[in-house]
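Student: Questions regarding the structure given below will be posed in turn.
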Protein chains: 2
Amino acid sequence: MNTVKQSESPVWNRLIQRADIMDSPEKHLKHLLKDNDRIEKFSLKAVDIFYDFSRQRVDEKTMDLLFELAEFKNLKQRFLEMVGGEKVNVTENRPALHTAARNFSDDPVFVNGRDVMPEIIKVRNDIKKFALHVHKEKITGSTGMPFRHVVVIGIGGSYLGTEFVANALDFLADKKIEIMFLSNVDIHNFGKIASIIDVERTLWIVISKSYTTAETMANANQVRSFILEKGLDPAKHFVTVTSKGSPGDDPDNPVLSSFHMFDFIGGRYSVTSAVGGVPLSLYLGYKRFERFLKGAEEMDLHAQNARENENIPLVAALISVWNNNFLGYPAQAIIPYASPLSKLAAHIQQLSMESNGKSVTKDGNRLDEPTGGIIFGEPGTNAQHSFFQLAHQGRPFPIDFIGVIHPHYKQYQNQSKGVTNHQELWSNLIAQPTALAQGKEDANPAKSFSGNRPSSTILLKDLSPENIGRLLALYEAKTVFEAFIWDINPFDQFGVELGKILATDIRKEMAMKNQDKSNTFENVDPITKFYLNTLFPGN
Amino acid sequence: MNTVKQSESPVWNRLIQRADIMDSPEKHLKHLLKDNDRIEKFSLKAVDIFYDFSRQRVDEKTMDLLFELAEFKNLKQRFLEMVGGEKVNVTENRPALHTAARNFSDDPVFVNGRDVMPEIIKVRNDIKKFALHVHKEKITGSTGMPFRHVVVIGIGGSYLGTEFVANALDFLADKKIEIMFLSNVDIHNFGKIASIIDVERTLWIVISKSYTTAETMANANQVRSFILEKGLDPAKHFVTVTSKGSPGDDPDNPVLSSFHMFDFIGGRYSVTSAVGGVPLSLYLGYKRFERFLKGAEEMDLHAQNARENENIPLVAALISVWNNNFLGYPAQAIIPYASPLSKLAAHIQQLSMESNGKSVTKDGNRLDEPTGGIIFGEPGTNAQHSFFQLAHQGRPFPIDFIGVIHPHYKQYQNQSKGVTNHQELWSNLIAQPTALAQGKEDANPAKSFSGNRPSSTILLKDLSPENIGRLLALYEAKTVFEAFIWDINPFDQFGVELGKILATDIRKEMAMKNQDKSNTFENVDPITKFYLNTLFPGN
């Protein structure tokens, strides 16, 4: 196996040298920020999104080199290839066409010579019709009761994006439907939901491309037996989102409706497909789901069409790689100053870490540079009262601050210290990036701040479905641009396979034990045996 | 200012050398795990908690050196000094006595020559009585309606621990009371709660030691005006948890009851004080809160009394520092295979990162070694379907796996593939640490796993209040032991001050603008001005 040395490319090497320069005291952010035009020079605006990287540890020369890297890596071209249906997921020999899920142009998108847009449009129309019938109470549960609870049964990419969007837009949920997520195979997850819902009024959406995901199948089975115990007909309480012809799309196993997923849209990129479409249309109405898609489409078009130095996700990806590989930050935080975005970090954590936590190039060569980083985050100002101590005085990590200009709930305008709560929130959103960047010297070392801690700030005008779509698509495009820089495949996830294989062996031992109490786990290693004996005491 | 070189201590230097040896191929975990007695040698059991560090990258010799470090740093002695009321919070010149909050012995604890236990016991009794009266509906809202919603108004340490415990034990919540958290000053946080609750049946608990925390005061004011708008009497809908004599404990500002906090218990260590006691006793009943305290007390006593090599939090701290400073891992994940522990990582994130994200020793000298690390996490198996790709094939990070032997909801025993959902969960809990440690070579580089990725596994017998108390106190004691190794003060948080100061200046600008539209923000730097103009358009 070959090792690919990023450092063999000339521009990579020059960036390494540039990082040395940017590490020097005169390039401390407190000096860079003396340039009164800095925010003009180091910010972008497009499709109603503002992206400010003036508090990143870059200068013009650094950005020039990064744009050179972008050209060297052919980023724009490769994004266009992805959108055009080329098989960019090389290890699995298929395209990555999440952008097609929100394509509202009349242009075809060909996969193996066949236009996939008619199928995609059909799924959208199926969702629209189904959601409308549920809202009009034409489709009901088996006892004729309208649906009031929707429970998504799905894990990873089958729920994280939907959970993020549902939270972000929950103040728009006017369909008298609550949404819940049965993701974990932990019986506590099911037990809690079962204790809350009215089963006669509950619709379960099973989401699994293959319809073989262990956790999702175990949960779907548990739910099925629960519905049967209550004397109801499962066929009237389930829908599935799955591949055409999977065990979840089988007339012998009837459900209210089955919506198709395509193998060219990966789980973590699937919230704009039926994966998000079915639950979000039930929760918010199809129209709002479509507005969300259109926002995402606008950002996709921006990513395709904007010049490198005006391209928000592309610049964000360059900054991310600069921080990761050249300045050496292993982690990054996402801090939305907006409670409705509280699940953004969890979604991007999957999107980014599963896409780009790789150690081989797309061509199967080992990399000499780390790819991907740890993503974590909580809403601000909460995060300030939690882990920002470390951000200011401990290990530095870059931060994406996210702000919303116009909040919902405008009826509450109470003022404290002369400002509304939204203004108080913004006083912190403005202060934190400055404090992190500038630092402050103090005679008391415990009160000194070394500063020079980088951040970006992203602003949304408001929490409209369009803006949530734009924000989502920004992070999706950023993630794939990063992968293109690293020459990795952001669409596979072989790293999860080994654990699955070992779990299968352990499950077999447990199943044998359930059948035959005399199984004393002699086939497994001593540690596994110890844990099996702990779970099955009395051996 | 002096710089303290950890590497000047002989044992620290020998650990650096040891890390070189542990980095060699023959010390790969796949080899270390060939020892059939490894789990016996590298695990501990105490107060019903099992702690397995057999998949950490240590051998006997490494542990010997770490125990030498523990002695050199006087860890046990310093823990006893903390528990005994010495002023271990040197920068703020006060003790750190969270352990006293769950002290049920008859022994006094002296602060400045005065036994503080009578006051602590009085607060516990006040809480018990108040909760009982609310549950018996002797204390009601201003219209005589019993309380059905409790909303905690508090941020950081004033809610994260309570949120963790409330989630962990929510299946025990049989008092007909829902609990919610108004932490963020974001108006979306208040707006959502206001849209859910019945204000006549809602009790608000304002938690702030100084009663000056900007976010908490803004929220309390917003709530007060909301209650008044509804024609209700705020005095009958508020309680406060605050310092004696603070503005929240003022007869001119009447509330249903005021419970005292003490300056010797820091926010992030305060869930066993009235901070957690008032909301958790209302939500779960005082008896369960006391059981939780007693579990925490047991772990405190274990941390004080157990020998170094049998001491779970002490060993966990040694492992943590070993991973952080010697093996060089900057981050650590907490992955509970139990949905009810879904807020554990967020709580420990604050506890650990705010306590130990420091760059100076307790004596004010600069450190040459990083302290603290990034803590993040989500429940398993969810995390497997989110960011474990990076854990297996990208940047390695140590993981604390947490399992629960006996789940709640025993009525659901449906089997898939021959196992119950709880068994399916455990097959993953057992498989993942093995997969991470062992790795697997494959002819296809994309399917190769380098392994040697360290983890610990912590087991709880069940989700009893006692076990949640033990788990909490384990992480608290681990955190302070880490600080003692680094010679830092884990009880202050000066790192949050600079942002507060800058936010105050910005808030003043906003307040002036609210008063006088002609304020054009001429006193601030260009970036701040840009953001102010964005929030106040039309300048």
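Student: Applying the selection to segment B:305-340, what residues are farther than 21 Å from B:Gln56 by Cβ and at the interface with chain A (Cβ under 9 Å from one of its Cβ atoms)?
Tutor: B:Ala338, B:Ser339, B:Pro340
Student: Among B:Pro490, B:Pro433, which is the only one that is closer than 30 Å to A:Gly451 by Cα, crowded, with 24+ Cβ neighbours inside 10 Å, within 11 Å of chain A (Cβ to nearest Cβ) and in contact with a strand residue (DSSP E or B) (Cβ under 9 Å, 6 or more places away or on another chain)?
Tutor: B:Pro490
Student: I need every pair where a residue in segment A:394-406 that is within 17 Å of B:Asn533 (Cβ to Cβ) has its Cβ under 6 Å from the Cβ of a residue that is basic (Lys, Arg), sequence separation at least 6 or different chains.
Tutor: Taking only residues 6 or more apart or on different chains, the pairs are A:Ile405/A:Lys461.
Student: Taking segment A:346-366 as the region of interest, how many residues are out of contact with any strand residue (DSSP E or B) (no Cβ under 8 Å at 6 or more places or on another chain) and basic (Lys, Arg)?
Tutor: 1
Conditions (1) more than 7 Å from every other protein chain (Cβ to nearest Cβ); (2) surrounded by fewer than 24 Cβ atoms within 10 Å (Cβ to Cβ), marked per residue:
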| residue | (1), (2) |
| --- | --- |
| B:Gly380 | yes, no |
| B:Tyr412 | no, yes |
| B:Gln438 | yes, yes |
| B:Ala443 | yes, yes |
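Student: Turning to a different aspect of this structure: Show me the helices (runs of 4 or more DSSP H) entirely contained within segment B:1-94 in which 2 or more residues are in contact (Cβ under 8 Å) with a residue 24 or more places away in the chain and either hydroxyl-bearing (Ser, Thr, Tyr) or on the phi < 0 side of the Ramachandran plot (or both).
Tutor: The qualifying helices (runs of 4 or more DSSP H) are B:10-22, B:29-32, B:60-72, B:75-83.
Student: Give the residues of segment B:103-124 that are of a type in the set (A, V, I, L, M) and in a helix (DSSP H, G or I), sorted by residue number.
Tutor: B:Met117, B:Ile120, B:Ile121, B:Val123
Student: The conditions are (1) of a type in the set (Gly, Ala, Ser); (2) within 26 Å of A:Arg14 (Cα to Cα); (3) part of a helix (DSSP H, G or I), and A:Ala100 fails exactly one of them. Which is it?
Tutor: The one condition A:Ala100 does not meet is (2).
Student: Another one. Between B:Leu498, B:Leu472, which is more than 18 Å from the chain's Cα centre (by Cα) and of a type outside the set (Val, Ile, Thr)?
Tutor: B:Leu498
For every residue, the table says whether it meets (1) crowded, with 24+ Cβ neighbours inside 10 Å; (2) among the basic types (Lys, Arg).
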| position | (1), (2) |
| --- | --- |
| B:Met145 | no, no |
| B:Arg148 | no, yes |
| B:Val152 | yes, no |
| B:Ile155 | yes, no |
| B:Asp170 | no, no |
| B:Met180 | no, no |
| B:Arg201 | no, yes |
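Matching residues to (1) out of contact with any Gly (no Cβ under 6 Å at 6 or more places or on another chain); (2) in contact (Cβ under 8 Å) with a residue 60 or more places away in the chain; (3) surrounded by fewer than 22 Cβ atoms within 10 Å (Cβ to Cβ):
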| position | (1), (2), (3) |
| --- | --- |
| B:Val223 | yes, yes, no |
| B:Lys230 | yes, no, yes |
| B:Phe238 | yes, no, no |
| B:Asp249 | yes, no, yes |
| B:Asp252 | yes, no, yes |
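Student: Give segment B:374-429 a look and list any residue that's closer than 22 Å to B:Tyr475 by Cα and part of a helix (DSSP H, G or I), or say none.
Tutor: B:Ala383, B:Leu429, listed by residue number.
Student: Report whether or not B:Leu460 is of a type in the set (A, V, I, L, M, F, W, C) and part of a helix (DSSP H, G or I).
Tutor: No, not satisfied.
Student: In this structure, is B:Thr457 more than 7 Å from chain A (Cβ to nearest Cβ), within 36 Å of the chain's Cα centre (by Cα) and farther than 27 Å from B:Ser320 by Cβ?
Tutor: no
Student: List every residue pair whose Cβ atoms lie under 7 Å apart, where the two residues are 6 or more positions apart in sequence or sit on different chains, the first residue falls within segment B:132-148 and is in the same structural domain as B:Gly277 (by TED's automatic domain parsing), and the second residue, located anywhere, is surrounded by fewer than 16 Cβ atoms within 10 Å (Cβ to Cβ).
Tutor: B:Ile139/B:His133; B:Ser142/B:Asp233; B:Pro146/B:Glu137; B:Arg148/B:Lys176; B:Arg148/B:Asp198
Student: Continuing with the same structure: Any chance you could count how many residues in segment A:500-535 are at the interface with chain B (Cβ under 7 Å from one of its Cβ atoms) and modelled with pLDDT under 95?
Tutor: Of the residues in that region, 0 qualify.
Student: Would you check if there is a residue in segment B:447-456 being in a helix (DSSP H, G or I) and buried (at least 21 other Cβ atoms within 10 Å of the Cβ)?
Tutor: No, segment B:447-456 contains no residue that is in a helix (DSSP H, G or I) and buried (at least 21 other Cβ atoms within 10 Å of the Cβ).
Student: Now for a different question. Restricting to segment B:472-487, name every residue that is assigned to a helix (DSSP H, G or I) and either within 14 Å of chain A (Cβ to nearest Cβ) or not aliphatic (A, V, I, L, M) (or both).
Tutor: B:Tyr475, B:Glu476, B:Lys478, B:Thr479, B:Phe481, B:Glu482, B:Ala483, B:Phe484, B:Trp486
Student: A further question follows. Which pairs have Cβ atoms under 7 Å, sit 6 or more apart or on different chains, and link a residue in segment B:482-509 that is under 15 Å from B:Asp525 (Cα atoms) to one that is of a type in the set (A, V, I, L, M)?
Tutor: Correct list of pairs: B:Leu502/A:Ala431; B:Leu502/A:Ala435; B:Ala503/A:Ala431; B:Ile506/A:Ile430; B:Ile506/A:Ala431; B:Arg507/A:Val419; B:Glu509/B:Val524; B:Glu509/B:Leu532.
Student: Against the condition out of contact with any Ser or Thr (no Cβ under 9 Å at 6 or more places or on another chain) and within 14 Å of another protein chain (Cβ to nearest Cβ), how does B:Asp186 come out, does it pass?
Tutor: No.
Student: Okay, moving on. Does segment A:342-373 hold any residues that are in a strand (DSSP E or B), surrounded by fewer than 24 Cβ atoms within 10 Å (Cβ to Cβ) and facing chain B (nearest Cβ under 7 Å), and which are they?
Tutor: Of everything in segment A:342-373, just one residue is in a strand (DSSP E or B), surrounded by fewer than 24 Cβ atoms within 10 Å (Cβ to Cβ) and facing chain B (nearest Cβ under 7 Å), namely A:Arg366.
Student: When the residues of segment A:382-406 are filtered to those that are facing chain B (nearest Cβ under 7 Å) and surrounded by fewer than 22 Cβ atoms within 10 Å (Cβ to Cβ), which remaining residue is nearest to the chain's Cα centre (by Cα)?
Tutor: If we take residues in segment A:382-406 being facing chain B (nearest Cβ under 7 Å) and surrounded by fewer than 22 Cβ atoms within 10 Å (Cβ to Cβ), then A:Ile405 is nearest to the chain's Cα centre (by Cα).
The values are calculated or read from the model by the stated rules, or taken from the named source; none is laboratory data. Just so we're clear, the structure is a prediction, and the values are computed from it rather than from any experiment. Because the Cβ atoms are built from the backbone with ideal geometry, glycine has one as well, and the counts that use them run over all protein chains shown.
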